[in-house]
Amino acid sequence: MPGLFSVKTPPNATPLRVLIAATENGAGRTRRPPSPSPSVSRTKPTKKTPDKSGIDESSLENPDLGPFLLKLARDTIASGDNPNKALDYAIRASKSFERCSGPGLELAMSLHVLAAIYSSLGRFEEAVPVLERSIDVTDDALAKFSGCMQLGDTYSMMGRLDRSIRCYESGLRIQIEALGDSDPRVAETCRYLAEAHVQAMQLDEAENLCKRTLEIHKEHSAPASLEEAADRRLMALVCEAKGDYESALEHLVLSSMSMIANGQENEVAAIDVGIGNIYLSLGRFDEAIFAYQKALTVFKSTKGESHPSVALVFIRLADLYHKTGKLRESKSYCENALRIYAKPVPGTTSEEIASGLTEVSAIYESLDEIEEALRLLEKAVKLLEDTPGNRSTIAGIEAQMGVMLYMVGRYGDARISFENAVAKLRASGESKSAFFGIVLNQMGLASVQLYRIDEAIELFEEARKILEQECGPCHLETLGVYSNLAATYDAIGRVEDAIEILEYILKMREEKLGTANPDVDDEKKRLAELLKEAGRTRNRKGKSLEKLLDARSAKKESAKRWSTFGFRT
């Protein structure tokens with residue numbers, strides 16, 4: 001059965017995994033860093049190189065020319081000499097294979113190389129159709145698998161995580177059909193796909209894939225293997241994101257034991273940081289400090305005192321001391337981290353620095369030093385190139401800046417920041433995520449402060465639809481958007497609509513929080529004000545949400561007024 005092997009890329013090229021179909025047994029797949037990720041550097045797109053017009057087209061019909069040109073392309077890539085020359089060789093090789101042998105494994109292989117060169121030049125849009133064609137021109141299962149995975153990586157580098165995941169899923173199905181569902185290589189692909197689901201915050205899917213990976217590695221690997229340790233670290237990340245801290249801690253401890261048994265000192269230190277994070281979430285502060293200090297000692301001795309890993313531990317300690325009320329110590333650790341980022345050691349990427357600055361900014365925000373927090377976020381945005389793969393990261397930072405600007409009363413600047421974040425999230429294909437709905441809600445609040453009520457209503461209504469789909473109509477985030485929507489309806493005189501939404505919100509909050517909760521009491525007061533104004537009493541009979549929100553979309557009044565109750569941030 002055909003195997004898969006890697007093609008080398010230039011030293012400064014975008015770190016993209018490239019897979020080419022071969023004819024040897026032992027099919028496998030190399031890994032790439034999870035993408036899109038702040039730790040992955042991007043290559044700036046270069047100007048397109050036109051196809052050489054002076055080529056003798058008849059020479060392409062020589063059956064020996066395709067393999068020769070393909071070897072030249074790969075050798076040129078490996079030497080880092082001239083990627084544009086490598087691109088020309090790969091284009092000619094693909095044409096030669098198509099003329100001489102037609103659709104098949106050799107053509108698919110040359111298209112994989114061609115797409116890899118396009119990607120290394122930052123020309124992802126041109127790589128996509130090449131890879132799609134590589135999947136169609138061959139019946140070889142593992143060549144199709146290779147094309148699907150490389151296409152998924154390319155979409156990931158473009159920031160299209162949704163399409164990336166679909167490609168990985170197609171690749172996994174093809175691989176299972178070819179190798180069976182318990183092959184160790186299937187486990188690697190499952191973990192790879194789980195990482196993408198984690199980045200998309202699709203945690204249930206990620207957890208199922210992690211369980212499957214663990215089962216396969218337990219069957220085929222020795223106890224306490226490095227593969228099982230990697231699986232457990234990812235499973236811990238999923239459990240932590242779902243709030244299951246005890247399970248996350250169990251997986252991390254087992255992973256650490258495996259790494260110790262295999263002599264992986266730096267990996268043990270990295271896991272210790274994760275263990276410290278879990279202890280911090282559980283409020284076990286002394287144990288968290290011990291875990292962080294252990295990791296700090298190892299990183300300083302093995303990587304140096306100015307390494308980004310050291311700065312990361314400083315940030316974790318700063319967060320811990322802030323949460324325990326030791327603000328002087330917290331700020332001191334923040335300053336230690338910033339000194340490292342101010343003079344980064346060679347090899348530190350701008351994405352690592354930007355990520356660290358963002359985390360320090362959050363601590364300064366908690367210390368009510370908003371202007372310093374904003375300065376750090378602005379610096380982080382400048383460090384990140386506005387490439388497709390970075391758009392989601394930049395959008396998150398801009399949304400955080402928008403919240404801070406809103407807090408200090410700079411509503412116009414806040415709205416612009418939210419607007420930029422929304423545009424980037426739409427371009428990245430994340431316009432259906434819960435985070436996107438939350439950003440829309442925040443932008444709506446900024447619009448309200450700028451007296452742009454019609455715009456605010458549109459934003460709240462779009463946010464409501466997304467959060468209903470992603471979180472459910474009874475989720476507290478969704479109820480917060482309902483509350484804001486009711487306030488804007490009241491502001492333009494749609495009092496009846498506002499009353500009906502508030503009645504639904506109050507019913508849901510009473511069921512979830514109890515009648516004595518302060519939030520419930522606040523909603524009662526807001527509803528009472530509107531009912532008094534309308535000369536009505538509270539309707540205790542529940543109404544369906546669909547009927548409540550969709551029935552009056554055509555009802556608009558020209559006279560606008562400020563709502564008699566507030567908005568929920």
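The values are calculated or read from the model by the stated rules, or taken from the named source; none is laboratory data. Every value quoted in this text rests on a predicted model; they were computed, and no experiment measured them. Here Cβ is always computed from backbone atoms with ideal geometry, including for glycine, and neighbour counts include all displayed protein chains. We work out accessible area using only protein heavy atoms, side chains counted, and drop any ligands, DNA or RNA first. Shrake-Rupley method; radii C 1.70, N 1.55, O 1.52, S 1.80 Å.
Here is a yes/no grid of residues against (1) in contact with a helix residue (DSSP H, G or I) (Cβ under 9 Å, 6 or more places away or on another chain); (2) under 29 Å from Met407 (Cβ atoms); (3) open to solvent by 50 Å² or more (accessible area, probe 1.4 Å); (4) at pLDDT 60 or above:
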| residue | (1), (2), (3), (4) |
| --- | --- |
| Glu523 | yes, yes, no, yes |
| Arg526 | yes, yes, no, yes |
| Arg540 | yes, no, yes, no |
| Leu549 | yes, no, no, no |
| Ala559 | no, no, yes, no |
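Of all residues in the stretch 382-392, those satisfying the criterion of being open to solvent by 40 Å² or more (accessible area, probe 1.4 Å) and either among the polar types (S, T, N, Q) or free of Cβ contacts under 8 Å to residues at least 60 places away in the same chain (or both) are Lys382, Leu383, Asp386.
Looking across the stretch 237-261, just one residue is open to solvent by less than 10 Å² (accessible area, probe 1.4 Å) and within 15 Å of Tyr192 (Cα to Cα), and that is Val238. Among the residues of the stretch 133-148, just one is open to solvent by less than 20 Å² (accessible area, probe 1.4 Å) and under 14 Å from Ile91 (Cα atoms), namely Ser134.
For the stretch 365-379, check the following and say yes or no: at least one residue is in contact (Cβ under 8 Å) with a residue 24 or more places away in the chain and under 19 Å from Ser433 (Cβ atoms). The answer is no; no qualifying residue exists. Among residues belonging to the stretch 460-482 that are open to solvent by 20 Å² or more (accessible area, probe 1.4 Å) and assigned to a helix (DSSP H, G or I), point out the one that is nearest to Val422 (Cα to Cα). The qualifying residue nearest to Val422 (Cα to Cα) is Glu462.
Number of residues in the stretch 315-340 that are open to solvent by less than 20 Å² (accessible area, probe 1.4 Å) and of a type outside the set (Val, Ile, Thr): the value is 6. The residues of the stretch 100-132 that are farther than 21 Å from Ala178 by Cβ, open to solvent by 50 Å² or more (accessible area, probe 1.4 Å) and modelled with pLDDT of 90 or more, listed by number, are Glu125, Pro129. Pairing residues of the stretch 83-94 that are part of a helix (DSSP H, G or I) with residues that are of a type in the set (Ser, Thr, Tyr) and open to solvent by less than 10 Å² (accessible area, probe 1.4 Å), at Cβ distances under 7 Å and at least 6 apart in sequence or on separate chains, gives Ala90/Ser110; Ala93/Ser110; Ser94/Ser110.
In this structure, Glu219 qualifies as assigned to a helix (DSSP H, G or I), over 26 Å from Asp153 (Cα atoms) and either outside the structural domain of Cys148 (by the TED database) or open to solvent by less than 40 Å² (accessible area, probe 1.4 Å) (or both).
Anything in the stretch 243-282 that is under 27 Å from the mean Cα position of the chain (by Cα) and not in a helix (DSSP H, G or I)? List them, or say none. Within the stretch 243-282, Gly243, Asp244, Leu282 meet the criteria.
In the stretch 305-314 there is at least one residue matching the filter, namely being closer than 15 Å to Ala362 by Cα and open to solvent by 40 Å² or more (accessible area, probe 1.4 Å).
Looking at the stretch 180-199, which of the residues that are assigned to a helix (DSSP H, G or I) and over 25 Å from Lys242 (Cβ atoms) is most open to solvent (accessible area, probe 1.4 Å)?
The first filter runs over the stretch 180-199 and keeps only residues assigned to a helix (DSSP H, G or I), leaving 184-199.
Among the residues that remain, those that are also over 25 Å from Lys242 (Cβ atoms) are: 184-185.
Working: Pro184: 52, Arg185: 68 Å².
Result: Arg185.
Give me a count of the residues in the stretch 182-214 that are under 20 Å from Leu254 (Cα atoms), over 19 Å from the mean Cα position of the chain (by Cα) and touching a residue at least 24 places away in the same chain (Cβ under 8 Å). So the answer is 5. It is to be established whether one or more residues within the stretch 409-423 are surrounded by fewer than 23 Cβ atoms within 10 Å (Cβ to Cβ) and touching a residue at least 40 places away in the same chain (Cβ under 8 Å). No, the stretch 409-423 has no match at all.
Do we find that Asp286 is out of contact with any helix residue (DSSP H, G or I) (no Cβ under 8 Å at 6 or more places or on another chain), at pLDDT 95 or above and assigned to a helix (DSSP H, G or I) in this structure? Considered against the rule, which asks whether it is out of contact with any helix residue (DSSP H, G or I) (no Cβ under 8 Å at 6 or more places or on another chain), at pLDDT 95 or above and assigned to a helix (DSSP H, G or I), Asp286 comes out as yes. When the stretch 121-157 is filtered for residues that are over 19 Å from Leu87 (Cβ atoms) and part of a loop (DSSP other than H, G, I, E, B), the ones remaining, listed by number, are Val137, Thr138, Asp139, Asp140.
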